[in-house]
Amino acid sequence: MIKHINVKSSVRTEFIDITGKVREALQKTGITSGICCLFVPHTTAGITINEGADPSVQRDIQTMLNRLVPFDGDYHHSEGNSEAHIKSTLTGTSQNILIDEGRLVLGRWQSIFFCEFDGPRQRRVGMKIISGG
Amino acid sequence: MIKHINVKSSVRTEFIDITGKVREALQKTGITSGICCLFVPHTTAGITINEGADPSVQRDIQTMLNRLVPFDGDYHHSEGNSEAHIKSTLTGTSQNILIDEGRLVLGRWQSIFFCEFDGPRQRRVGMKIISGG
Amino acid sequence: MIKHINVKSSVRTEFIDITGKVREALQKTGITSGICCLFVPHTTAGITINEGADPSVQRDIQTMLNRLVPFDGDYHHSEGNSEAHIKSTLTGTSQNILIDEGRLVLGRWQSIFFCEFDGPRQRRVGMKIISGG
């Protein structure tokens, strides 16, 4: 069974913390050891794991990505969102998190962020728990 | 059992769509739920998932990577392909895709691309299906 | 069971080859087919797979990351290590390697590197082997 986590972005570039939703979905499975596989089925969004305590970190990551890959440039793709596609490749569309003793093995400062690069949109993240290990 | 997908690049920088080959290999296993793990055993290539409909997107990603990490620069590695190694780290060498109801759970616009950064070469991608979930 | 690989960095930016420790931990499990999932529980470090033979490659990757994401910049995060957080997102915090016939399926030139971006520090990498495939 696949679980879908719904995410709604409200601006063009936005990181949305989905850690709580992932934890909740994991607990419902009752699986205590394995890996949690998250997959973003979009081509202008990504997923990253980084500091959740200070929102300035998310701001700094977004600002640097915008500086490296500017909104306007010598792009050929006619939809005007090439930079969002490029950022998706740089951050990646999947993440795996270890599960041990029924919990996500995240570091103290880590949160899981859905990365919106072409919002606002209604998005979703696919999730599957593979038991083992 | 490991499955190898063979890829032949014809120029220095090239994205090659391997989605069809991955789908075909998945169907032969008969596995209906789990994850499909793809791994590139090369250090001057990568793998990414992005839009497959408009080839301009692939062109824009490659052009931006070439702008960020130019072919010539202050590189110490003597083989003259440092930029390809760097791009490999930026795109990554592995991807996991969820499998549900016997199919790869890709978004409507997503394709899986082998990223050649130091072609032309004969390459391959390792694939293993882990059932579960 | 989760296995932790301890890593001690000695400078601010440093790639540390952990391939040997991962191989050793894999052999102790006796698992012959599956995937090896590695996860870095830190927000100012990453993990990458790239050439291990010539140290110049690691130097070139680090130098380019430092050029793209400079130590000092228009950062808001007050701890002075925003660039390390950004590099963590660019390299990623997890890697999966295929296991076949009891061995990691790495390419001839590939090594697994813990990427320190805010050292020196005592760090660790989580590891779980999922059998299957």
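Data for the structure
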quantity	calculated
Residue ID - nearest to the other protein chains (Cβ to nearest Cβ), chosen from residues in the stretch B:62-85 that are touching a Leu at 6+ places or on another chain (Cβ under 8 Å) and under 17 Å from B:GLY119 (Cα atoms)	B:VAL69
Of residues in the stretch C:23-68 being β-branched (Val, Ile, Thr) and outside any loop (DSSP other than H, G, I, E, B), the one farthest from the chain's Cα centre (by Cα)	C:THR29
Subset of the stretch A:41-67 (residues that are aliphatic (A, V, I, L, M), within 25 Å of A:VAL105 (Cβ to Cβ) and open to solvent by 10 Å² or more (accessible area, probe 1.4 Å))	A:ALA53
Sole exception among (1) open to solvent by 40 Å² or more (accessible area, probe 1.4 Å); (2) farther than 17 Å from C:SER33 by Cα for B:LYS3, by number	(2)
Spans of strands (runs of 3 or more DSSP E) in the stretch A:70-133 with at least 3 residues open to solvent by 30 Å² or more (accessible area, probe 1.4 Å)	A:122-131
Complete set of residues in the stretch A:117-133 that are away from chain C (no Cβ under 14 Å) and of a type in the set (Lys, Arg)	A:ARG121, A:ARG123, A:ARG124
Number of positions in the stretch C:93-108 that are over 17 Å from C:THR48 (Cα atoms), hydrophobic (A, V, I, L, M, F, W, C) and facing chain B (nearest Cβ under 7 Å)	0
Some residue of the stretch B:27-47 being at pLDDT below 95 and among the hydrophobic types (A, V, I, L, M, F, W, C)	no
Residue identified as touching a Ser or Thr at 6+ places or on another chain (Cβ under 6 Å), under 22 Å from B:ILE35 (Cβ atoms) and facing another protein chain (nearest Cβ under 7 Å) among A:THR19, A:THR48	A:THR48
Pick from the stretch A:77-106, criterion over 20 Å from the mean Cα position of the chain (by Cα) and modelled with pLDDT of 95 or more, ranking: nearest to C:ARG67 (Cα to Cα)	A:ASP100
Of all residues making up the stretch A:15-33, the number that are touching an Asp or Glu at 6+ places or on another chain (Cβ under 9 Å) and open to solvent by less than 40 Å² (accessible area, probe 1.4 Å)	3
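The values are calculated or read from the model by the stated rules, or taken from the named source; none is laboratory data. Computed from a predicted model, the values in this text were never measured in an experiment. Note that each Cβ is placed from the backbone with ideal geometry, even for glycine, and that neighbours are counted across all protein chains shown. Heads up: the accessible areas ignore ligands, DNA and RNA and are worked out on the full protein's heavy atoms, side chains in. Shrake-Rupley method; radii C 1.70, N 1.55, O 1.52, S 1.80 Å.
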